[in-house]
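Encoded as structure tokens, the structure appears first; notes follow it.
The values are calculated or read from the model by the stated rules, or taken from the named source; none is laboratory data. Note that the structure is predicted; figures quoted are calculated from it, not measured. All Cβ positions, glycine included, derive from the backbone under ideal geometry; neighbour counts span all protein chains shown.
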Amino acid sequence: MMLSVTNLQAAYGASRVLFDINLDVTEGECVTLLGRNGMGKTTTIRCIMGLLVANGGAISFAGCAINGRAPERIARLGIGLVPEGRQIFPTLTVHENLVATAANRMVRPNSWTEERVCSLFPRLGERRNQWANTLSGGEQQMLAIGRALMTNPRLLILDEATEGLAPVIRAEIWQCLEALRREGQSILVVDKNINVLRRLADRHVVIEKGMTVWRGTNADLDRDWDKVHGWLGV
């Protein structure tokens, strides 16, 4: 098991947000985290990345307990995050954003480099010396994904991968994620486009009011669609 989250609980001050989150991702697998807005998806991601300290439960990555570890230590273990809202470095160029956190700690032979990222997202190569805050929203999302890939992560986490993007840009993002999937990249993705996620993912996890209420494969999703549809509200 690459990532394991068991009975996760978390709060913001006195406000409990997560009550019992359970999910896992194995090597080479793509898993989705689904649920309506405000159900705790981003809070779950924040706990995995150490940006919020959990109140209870356990999180492990590659067999190591990561509860309470600093975010930078968790990232160095091999988790790359594409955060909600992109959070690129606005006053750096595309090139500077990509190389700022570049690393190959696992010494991968086919590591992610700036050239390889630009072959995945040609627009970034065209805008290599352009300030990041002058890019379109879709280009900024490509940059956020490219920056995460430059850390050569064992697990790539994407929080709201295509939110607010034009349909043509969303399609391009999904095509790139499908390419990563074919290469065996492990992925945990939060998004609302269930039709595309069915094609991309191996398994799905649904959360409702801070609790995992359903887990299963695409075949399970087809079988339980009426139930799952009620939780997703789509």
Extreme residue, surrounded by the fewest Cβ atoms within 10 Å (Cβ to Cβ), among residues of the range 1-30 that are among the hydroxyl-bearing types (Ser, Thr, Tyr) and over 19 Å from the mean Cα position of the chain (by Cα)
15
Residue list for the range 31-63, restricted to those being within 12 Å of the chain's Cα centre (by Cα) and either acidic (Asp, Glu) or in a helix (DSSP H, G or I) (or both):
41, 42, 44, 45, 46, 48
Identify, please: which residue in the range 103-135 is in a helix (DSSP H, G or I) and small (Gly, Ala, Ser) and is, among those, farthest from residue 87 (Cα to Cα)?
119
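To keep it simple, each residue is scored yes or no on (1) free of Cβ contacts under 8 Å to residues at least 40 places away in the same chain; (2) loosely packed, with under 15 Cβ neighbours inside 10 Å; (3) closer than 25 Å to residue 38 by Cβ.
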site: 163; (1), (2), (3): no, no, yes
site: 190; (1), (2), (3): no, no, yes
site: 193; (1), (2), (3): yes, no, yes
site: 196; (1), (2), (3): yes, no, yes
site: 199; (1), (2), (3): yes, yes, no
Helices (runs of 4 or more DSSP H) within the range 155-234 that include 3 or more residues among the β-branched types (Val, Ile, Thr):
167-182
All but one of (1) touching a Gly at 6+ places or on another chain (Cβ under 9 Å); (2) on the phi > 0 side of the Ramachandran plot hold for residue 156, so report the exception by its number.
(2)
If residue 171 satisfies every condition in (1) touching a helix residue (DSSP H, G or I) at 6+ places or on another chain (Cβ under 9 Å); (2) modelled with pLDDT of 95 or more but one, which is the exception?
(2)
Under 9 Å between Cβ atoms, at least 6 apart or on separate chains: pull out the pairs that start in the range 106-124 with a residue that is within 16 Å of residue 179 (Cβ to Cβ) and end on any residue that is assigned to a helix (DSSP H, G or I) and of a type in the set (Lys, Arg).
110/116; 117/147
